[in-house]
1. Is at least one residue of the range 372-382 of a type in the set (Ser, Thr, Tyr), in the same structural domain as Arg454 (by TED's automatic domain parsing) and closer than 25 Å to Ala448 by Cβ?
2. Can you say whether Arg184 is surrounded by fewer than 21 Cβ atoms within 10 Å (Cβ to Cβ), of a type in the set (Lys, Arg), modelled with pLDDT under 85 and over 27 Å from Ala47 (Cα atoms), as far as the supplied structure shows?
3. Which of the residues that make up the range 401-451 are of a type in the set (Ser, Thr, Tyr), touching a residue at least 12 places away in the same chain (Cβ under 8 Å) and in a strand (DSSP E or B)?
4. Note down all Cβ pairs under 7 Å where the first residue falls in the range 32-61 and is assigned by TED's automatic domain parsing to the domain that holds Val231, the second is surrounded by 19 or more Cβ atoms within 10 Å (Cβ to Cβ) and aromatic (Phe, Trp, Tyr), and they're at least six residues apart or on different chains.
5. Output the number of residues of the range 1-24 satisfying the condition of being of a type in the set (S, T, N, Q), surrounded by 14 or more Cβ atoms within 10 Å (Cβ to Cβ) and under 36 Å from the mean Cα position of the chain (by Cα).
6. Looking at (1) surrounded by 21 or more Cβ atoms within 10 Å (Cβ to Cβ); (2) assigned to a loop (DSSP other than H, G, I, E, B), which is the one condition that is false for Ser376?
7. Any residue at all in the range 54-67 that is surrounded by fewer than 24 Cβ atoms within 10 Å (Cβ to Cβ), among the hydroxyl-bearing types (Ser, Thr, Tyr) and out of contact with any Leu (no Cβ under 7 Å at 6 or more places or on another chain)?
8. Kindly list the number of the only condition in (1) in a loop (DSSP other than H, G, I, E, B); (2) of a type outside the set (Lys, Arg); (3) at pLDDT 90 or above that fails for Asp342.
Amino acid sequence: MLRVAIYRSLRIAAPLILISQVIIRILSPNPAILPDLVLYNLVGLLASFIALTSPAFNDRFARVIITGAIVLWTIGSTFSTWNSFYDFQLLPTITDYNYALFYPLMLAGILRALSINKKILSLELLDTVIIALGASSVIASFLLIPAMLHLDGPAFSVFLSILYPTGDIVLVAITVALVTLQPRTARSLLLLCGILLFAITDLYYLLQSTTSSYSFGQISDDGWILGLLLVSESLWHHGGEAEISERVNSIATTFSLVASSSILAVAALKPNYFPAFVLVPGFATITLAFIRMALALRDARSVTTERELARTDELTGLPNRRRFLVELEILRRKEGTLLLLDLDGFKLVNDKYGHDIGDLLLKQVTIRFHRAIPESVLIARLGGDEFGVIVYGPPEYGTEIALAIRATLSYPFTLSVGEVSVGVSIGSVNSDQKSENKEELLRKADSAMYEAKRSGTGLVNFQA
């Protein structure tokens with residue numbers, strides 16, 4: 001309870017500190033260390049902590065990645081503000097890299113925060129990273145060359161000047177699209193307002209910078225930190241999460257991959273067209289795409305194996321009862337025969353020699369059954385020494401299969417304990433396109449099987 005109380009206190013303290021910072025700025029318009037370096041960046045630090053400590057109903061990845069995005073931006077802001085006040089300059093490139101990494105991280109966090117699937121799957125995670133990394137950096141890369149013709153400065157600085165507004169536009173577009181897919185909630189509205197406010201502030205700053213009218217420490221700078229505070233606060237509220245279909249996700253991922261490949265193709269044809277740093281996101285996107293492909297193949301194999309195991313009897317390797325019932329649903333709508341088999345004398349062998357010998361006998365019985373029936377006939381182990389057989393075709397064909405199965409047990413099995421003999425009792429029921437439900441078919445076949453066992457005839461066809 002104490003921890004929860006502390007977290008809630010910080011949620012109140014952060015906006016109060018921001019309000020105090022704004023009041024100081026209004027009373028004293030000139031830049032100062034306390035409001036611009038200390039209080040301003042303290043709010044950013046608190047915003048990241050608010051996001052990190054948000055309730056457990058959040059997607060874990062969304063919570064961590066949004067926290068990371070806010071932390072990177074706050075570090076960049078702190079370095080930039082420090083360099084504005086002191087002669088001892090912190091590395092300006094750190095600021096640039098942090099601001100640049102903010103966009104793909106925040107985009108990834110938003111995609112997860114407004115996603116309906118709370119289970120973090122490796123493929124979805126990679127899709128999110130590929131989309132976030134590829135979309136923002138690729139668009140900026142293709143705009144770089146035209147921009148260099150009109151903007152002064154090193155290529156990397158020009159690239160960043162394009163990346164920032166591109167990232168803002170991508171963030172706003174994705175957020176608006178996701179919010180429109182779900183009911184209006186406190187989470188979606190706070191997140192949308194936060195991203196919009198951050199993007200508008202960023203674009204306004206870029207506009208002022210291009211016209212040389214920006215002055216450090218102006219009141220509009222608080223739009224950045226307030227926007228991040230709203231984003232972190234949104235994680236404390238439930239929301240009607242949007243469902244992003246696999247098709248949409250796949251299209252977006254494919255777009256990022258194709259665009260990244262295009263950059264590398266252009267660089268191969270024209271080696272000096274793009275600066276080297278532009279190729280890094282392209283290589284990263286393609287590398288992640290190959291990792292995603294490997295994971296997808298692994299997951300596909302796992303799903304196939306699990307599905308097969310879920311429908312296969314572990315001892316005999318035959319289809320199990322689940323698989324049999326699925327096929328039985330098909331049989332009742334077609335012409336065919338259902339056979340239920342129960343081994344005669346198996347319990348005596350099992351009780352006398354033990355389960356290991358009993359299991360070995362079941363395996364040998366399975367081998368003989370397989371030899372007697374064609375591949376088109378399904379035979380399944382339903383449990384214990386009971387088997388089910390589904391035969392498509394006229395009733396006469398079903399009778400032939402039943403007689404062939406009985407013939408396989410006409411001679412004994414040679415096991416480690418000596419020769420062992422078992423028989424089989426078979427109940428048969430015919431099906432057609434107007435048959436009753438599968439439960440009724442099973443009941444009739446079961447009744448016929450017990451009649452075959454009771455009478456000793458070995459094979460009985462159910463008669464209404």
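1. Yes: the range 372-382 contains one or more residues that are of a type in the set (Ser, Thr, Tyr), in the same structural domain as Arg454 (by TED's automatic domain parsing) and closer than 25 Å to Ala448 by Cβ.
2. So Arg184 does not fit the description; no.
3. Correct list: Ser425, Ser428, Ser431.
4. Gly44/Trp73; Ser54/Trp236; Pro55/Trp236
5. So the count comes out to 0.
6. Condition (1) is where Ser376 drops out.
7. no
8. (1)
The values are calculated or read from the model by the stated rules, or taken from the named source; none is laboratory data. Bear in mind that the values here come from a model prediction, so they are computed numbers and not experimental data. Using ideal geometry, Cβ is built from the backbone for each residue, glycine included, and neighbour counts are taken over all protein chains shown.
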